[in-house]
Each structure stands twice: as C-alpha cells, then as structure tokens.
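These notes concern the structure reproduced below.
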Amino acid sequence: IVDRLFSRVGAADDLARGRSTFMVEMTETAAILNQGGPRSMVVVDEIGRGTATLDGLAIAWATLEALHSTLRCRAIFATHFHELAELAETLPRLSPHTMAVRDWKGRIVFAHQVVAGTARRSWGVHVARLAGVPEPVVQRANRLLAALEKEHDRARAPLPLFETNAPAMDTTSDRLRVTLAELDPDALTPRAALEAIYTLRKLALEEDTGLGRS
C-alpha cells in the first residue's frame, strides 16, 4: 500500500554541523521531494515558518504543488498559511480540512475533531493563554493582532494561482506596495527605519509626479 513513509515534523537544529532549525527543515523537505514517489505517504507539519513570511509562504506553496502534481503522493500537509487553502481551486485532489473549535463564554474550546473546510483564523493567542502566558501579555497580543489583521486585510492581494509568461508591469505603485509589505517594523534598527522612510518617500513622490510608471 505504501512503499515509503516520510515526515517533516517539529523543529530541531544541528548547530555542531552548521545547520539551523530552518536548514534542517529544508533538508527534510528536500529528502521528501527528491526521494518520494506516487506510492509514498508524506506527513508534513509546517514548512516555511522558520524564515520571513513571504519566503516561507512561497516555499510551502511550491512544495504543496510538487507533492500534488509531481510526486502525486498521498500527503497530510498541516500549515498556518491560510492562503494555501485557495489552491484547492486549481489542485483537484487537494482537500482542505481543519480542526473544529467552539466559542464558549468568550473563550475558544478546541473540539479535537477534524472537519472539512478551512480555519477561520489562527488561534495562537488562545494557545498562549492556555499555556499560561500572563494575561496582560495576552491582552496586548490580542490588541496587536486586531490591528495587524486590519492592516493585512487592507493590503492583501489575491494569490497568483495561474502562472503567466507575460512580463509584470513594474509600476511605482506596485513597488511602493511591495516595499511596504516587506518591511518588518519590529526588526528595523533606527538607521534602517530612517532609510526605509526615505525610500518610501521617494517612491511616493515618483508616483505623484508620474515618474517610473509603465
């Protein structure tokens, strides 16, 4: 029934050999993609979470496509990248499922039940509360999450589900949005933040004056 069983689960490093947790993750992913076949069974618990969000999403997306269309194997692919659920529109054998949750007295209850469909959201802050993270930190995380989700929904673009050979239009407006999306305010040094402001101002001025438009 199954000729090989592969798993990519958990986080571990091998610093003695110069391999970070993300490198170990990618090594395990490479082993699956290079050695798996149609009769393989693959279990994946997260790919791409050990790097920047866009990098990780791109790697997870490409890996899921390869498992579905190249290896054509059976796979359980768990991920927090909600965007990947949209691939069900183009990958006919992809069947999204999620864990059922209930809202009880203002708290989230995990039902330990797998149901068809996709998760409405991630429940990381709720898990933090269950784990005993101090309530002021949880409340602050909730407020930050609400603000970040609002900003994300405003800036979110649809996934390019269908590849095209047509050249992309490199407009100033597009570059401004990309530059903004790639900024991580929490990771910026004061000097890097100042440089980012100058870069964004330059792009905004170009857009206002029509410079750089296709």
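Points to keep in mind about this one:
- For R8, distant residues with modelled amide H under 5 Å away: V43, V44, D45
- A protection proxy built from the mean count of other Cβ atoms within 10 Å ranks the segments 72-82, 57-67, 87-97, most packed first, as 57-67, 72-82, 87-97.
- Mean separation of Cα pairs under 8 Å and 6 or more residues apart, divided by the residue count, gives region 4-95 a relative contact order of 28 percent.
- Geometric extent, Cα atoms of region 23-162 - Rg, Dmax (angstrom): 17.0, 50
- Residue list for region 63-86, given a label point 7 angstrom along the Cα-to-Cβ vector of L145 and an amide N cut-off under 13 Å: none
- Whether region 4-95 is rounded, prolate or oblate, judged on the alpha carbon gyration tensor where a/c under 1.5 counts as rounded: oblate
Every read-out reported here was derived from the displayed coordinates using simple, explicitly stated rules and does not represent laboratory data. Quick caveat, the model's predicted, so the values are computed rather than measured. Heads up, the Cβs are rebuilt from the backbone with ideal geometry, glycines too, and the neighbour counts pull from every protein chain shown.
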